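Notes to accompany the following structure.
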Amino acid sequence: MNIRPPENHIKLEPNKTFAGRTETGHVGCKFCKSHQVVKNGKRGDKQLYKCKSCGKQFVDNECFPRMRTSARAISVALEAYFDGLSLAKVVNLLRRVYGITINRATVWRWIQKYVPLVKKMMGQFTANATSSWHADETAVKIKGNIHWFWDGIDYDTRFIVMGLLTRRRSVSNARKFFIGAKAQVGGKAPGVIVTDGCGSYRKGVTKAFWRKVQLGECTLIQKAGLRARLGKLSNNVIERFHNTLKDRVKILRGFGSRGGASTALDGFVIQYNFLRRHTSLKGMTPAERAGIRLPTVMGWGDLIQWSLKRS
């Protein structure tokens with residue numbers, strides 16, 4: 001049976017205006033991306049422009065609204081960080097490539113500023129990712145204390161359907177995790193959910209997919225220890241993602257706050273789903289495989305521009 005990808009309510013056109021410049025080099029509005037822009041005096045030696053569509057005024061400096069650093073540099077910084085570079089190495093990269101002198105706190109502020117905006121927009125898409133889910137949790141250190149990052153991946157698309165940072169592995173947190181995953185796929189349920197032996201999963205799945213479980217349309221398979229890594233329905237796919245995530249987090253040596261950790265982990269998931277191309281998916285991103293096709297050219301730059309336009 002062929003399953004049609006769900007209709008997504010958001011239609012994103014290619015960003016023909018990037019940080020105030022169109023493809024032809026003309027000035028466009030940073031805020032609404034309109035080309036109806038006129039000169040509107042000067043601020044010191046800088047030319048001011050006004051948008052006839054939204055009425056906002058801005059400076060043509062190739063930066064995101066209310067920012068002084070190049071939009072392309074910010075885009076590169078976020079992609080490099082979520083690809084595994086430490087904040088210190090990202091700072092050095094920007095200094096060598098763009099001649100920008102900043103500190104690590106500045107890059108961290110960019111992450112905390114833009115990742116929540118992009119997450120909010122991406123959460124409005126519906127992913128066609130209900131083959132079989134493989135869920136697990138991995139330990140994350142925050143101020144020296146262990147927290148747990150729950151995540152679930154769809155086997156066919158490799159799409160991360162949900163990521164959640166919690167203090168404990170409780171039934172209520174498991175239920176919250178699966179309800180969030182359910183919302184990401186338009187209220188549907190996968191035929192099979194594979195987890196480790198954590199006792200919270202069974203009640204969490206039952207509470208989130210009660211009707212489907214009762215009808216036998218959603219089955220939970222729990223495998224403890226080595227069993228989770230063996231067999232056709234193993235959890236190898238989520239373990240591989242955890243290895244990638246741990247390689248990224250290891251260089252950070254833990255996080256300083258729960259809010260900062262949650263935002264950074266959200267960024268890892270966004271990059272994995274929407275920007276990272278997989279050889280196992282024939283060069284597609286998990287989002288593309290799940291029916292979410294975005295015309296991204298500038299990576300994080302495009303994601304940020306769309307989220308700013310919709311905020």
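In table form, for the structure just shown:
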{"read-out": "Residues satisfying the stated conditions in region 265-290, i.e. out of contact with any Phe, Trp or Tyr (no Cβ under 9 Å at 6 or more places or on another chain), in a loop (DSSP other than H, G, I, E, B) and of a type outside the set (Lys, Arg)", "value": "GLY283"}
{"read-out": "Matching residues, region 132-146, being surrounded by fewer than 21 Cβ atoms within 10 Å (Cβ to Cβ) and either touching a strand residue (DSSP E or B) at 6+ places or on another chain (Cβ under 6 Å) or without any contact (Cβ under 8 Å) to a residue 40 or more places away in the chain (or both)", "value": "SER132, THR138, ALA139, ILE142, ASN145, ILE146"}
{"read-out": "Test: residue in region 201-224 that is surrounded by 18 or more Cβ atoms within 10 Å (Cβ to Cβ), modelled with pLDDT of 85 or more, of a type in the set (Gly, Ala, Ser) and within 25 Å of MET67 (Cα to Cα)", "value": "no"}
{"read-out": "Residues (under 26 Å from GLY186 (Cβ atoms) and surrounded by fewer than 22 Cβ atoms within 10 Å (Cβ to Cβ)) located in region 290-304", "value": "GLY291, ARG293, LEU294, PRO295, THR296, ASP302"}
{"read-out": "For GLY25: the one exception among (1) modelled with pLDDT of 70 or more; (2) of a type outside the set (D, E, K, R); (3) not in a strand (DSSP E or B)", "value": "(1)"}
{"read-out": "Tally, over region 291-311, of residues that are in a loop (DSSP other than H, G, I, E, B) and touching a residue at least 12 places away in the same chain (Cβ under 8 Å)", "value": "9"}
{"read-out": "Leading residue by the ranking (nearest to the chain's Cα centre (by Cα)) among those in region 271-311 that are among the basic types (Lys, Arg) and under 18 Å from VAL115 (Cβ atoms)", "value": "ARG276"}
{"read-out": "Leading residue by the ranking (farthest from GLU217 (Cα to Cα)) among those in region 91-131 that are surrounded by fewer than 20 Cβ atoms within 10 Å (Cβ to Cβ) and in contact with a strand residue (DSSP E or B) (Cβ under 7 Å, 6 or more places away or on another chain)", "value": "TYR98"}
{"read-out": "Residue under evaluation TRP150, criteria (1) surrounded by 23 or more Cβ atoms within 10 Å (Cβ to Cβ); (2) at positive phi, criterion not met", "value": "(2)"}
{"read-out": "Residues of region 270-289 classified as buried (at least 23 other Cβ atoms within 10 Å of the Cβ) and either on the phi > 0 side of the Ramachandran plot or among the acidic types (Asp, Glu) (or both), total", "value": "0"}
{"read-out": "Single unsatisfied condition, PHE82 versus (1) modelled with pLDDT of 85 or more; (2) over 30 Å from ALA129 (Cα atoms); (3) buried (at least 18 other Cβ atoms within 10 Å of the Cβ)", "value": "(2)"}
{"read-out": "Helices (runs of 4 or more DSSP H) wholly inside region 130-232 that include at least 3 residues being in contact with a Gly (Cβ under 9 Å, 6 or more places away or on another chain)", "value": "171-184"}
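The values are calculated or read from the model by the stated rules, or taken from the named source; none is laboratory data. Just so it is clear, the structure is predicted and the values come from calculations on it, not from any experiment. Cβ atoms come from the backbone with ideal geometry, glycine included; neighbour counts cover every protein chain shown.
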